[in-house]
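K.L.:
Next up is a structure, given as structure tokens.
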Amino acid sequence: MPDGERIAFFADRDGANQLYLLHVASGRVEPLHRGPGENDSHSVSPDGRYVAFVSTRDGGRDLYRLELDGDRVVRLTTGFAAFGASWSPDGRRLVFTASTGGVADIWTMHADGSTPVRMTNGASGIARAGRP
């Protein structure tokens with residue numbers, strides 16, 4: 001986490017990969033969010049308010065955003081086979097890798113999940129900016 005006092009991590013402690021939070025000073029570990037499916041590939045927002053992660057909770061491998069205050073989860077993608085995400089330095093956008101139609105590409109979107117834009121074009125290389 002940006003504050004340096006906590007570390008977010010995934011662990012399979014009871015049969016499913018779930019997100020946990022380690023408090024560095026005390027060594028206390030607490031579950032951040034428990035949900036169905038396998039969860040992995042997390043990224044903490046620059047302000048420490050959100051965690052983006054990949055989950056199979058709804059059948060696919062989609063990207064979700066967890067609000068750390070309140071435990072609210074928002075599904076950001078549908079129909080993408082997501083592999084992971086990173087936040088922009090200002091926390092307003094996410095960059096993620098996903099496979100649509102069997103081809104892996106780099107995508108970007110607003111942190112609320114709106115306006116996904118494909119930035120690469122599979123084996124053909126870089127796509128024109130703003131063109132899905």
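The values are calculated or read from the model by the stated rules, or taken from the named source; none is laboratory data. Every value quoted in this text rests on a predicted model; they were computed, and no experiment measured them. Don't worry about glycine lacking a Cβ; one is built from the backbone with ideal geometry, like all the others, and counts go over all protein chains shown.
K.L.:
With the structure loaded, tell me whether L76 is over 18 Å from R6 (Cα atoms) and crowded, with 19+ Cβ neighbours inside 10 Å or whether it fails that test.
P.N.:
Answer is yes for this residue.
K.L.:
Considering only segment 1-25, how many residues are without any contact (Cβ under 8 Å) to a residue 12 or more places away in the chain and outside any strand (DSSP E or B)?
P.N.:
Number satisfying all stated conditions: 3.
K.L.:
Hey, can you tell me all the residues within segment 60-80 that are under 16 Å from T97 (Cα atoms), hydrophobic (A, V, I, L, M, F, W, C) and assigned to a loop (DSSP other than H, G, I, E, B)?
P.N.:
Selection gives L76, F80.
K.L.:
So R57 ticks every box in (1) within 16 Å of the chain's Cα centre (by Cα); (2) assigned to a loop (DSSP other than H, G, I, E, B); (3) at positive phi but one. Which box is left unticked?
P.N.:
With respect to (1) within 16 Å of the chain's Cα centre (by Cα); (2) assigned to a loop (DSSP other than H, G, I, E, B); (3) at positive phi, R57 is out only on (3).
K.L.:
Next question. If the requirement is being farther than 15 Å from T108 by Cα and over 12 Å from the mean Cα position of the chain (by Cα), which of these qualifies: P36, P89?
P.N.:
P36
K.L.:
If I ask for residues that are closer than 21 Å to A81 by Cβ and part of a loop (DSSP other than H, G, I, E, B), which ones from segment 26-54 would you list? Working first, answer last.
P.N.:
Kept after step one, since they are closer than 21 Å to A81 by Cβ, are these residues of segment 26-54: 35-43, 51-54.
The answer is G35, P36, G37, E38.
K.L.:
Is it true that some residue in segment 93-114 is touching a residue at least 60 places away in the same chain (Cβ under 8 Å), among the aliphatic types (A, V, I, L, M) and under 20 Å from L19 (Cα atoms)?
P.N.:
Checked segment 93-114: at least one residue is touching a residue at least 60 places away in the same chain (Cβ under 8 Å), among the aliphatic types (A, V, I, L, M) and under 20 Å from L19 (Cα atoms).
K.L.:
Next question, about the same structure. Can you tell me which residues in segment 85-132 are farther than 21 Å from Y64 by Cα, in a loop (DSSP other than H, G, I, E, B) and at pLDDT below 75?
P.N.:
G125, A127, R128, A129, G130, R131, listed by residue number.
K.L.:
Are any of the residues in segment 91-101 touching a Pro at 6+ places or on another chain (Cβ under 7 Å) and either under 30 Å from M119 (Cα atoms) or not polar (S, T, N, Q) (or both)?
P.N.:
Taking every residue of segment 91-101 in turn, at least one turns out to be touching a Pro at 6+ places or on another chain (Cβ under 7 Å) and either under 30 Å from M119 (Cα atoms) or not polar (S, T, N, Q) (or both).
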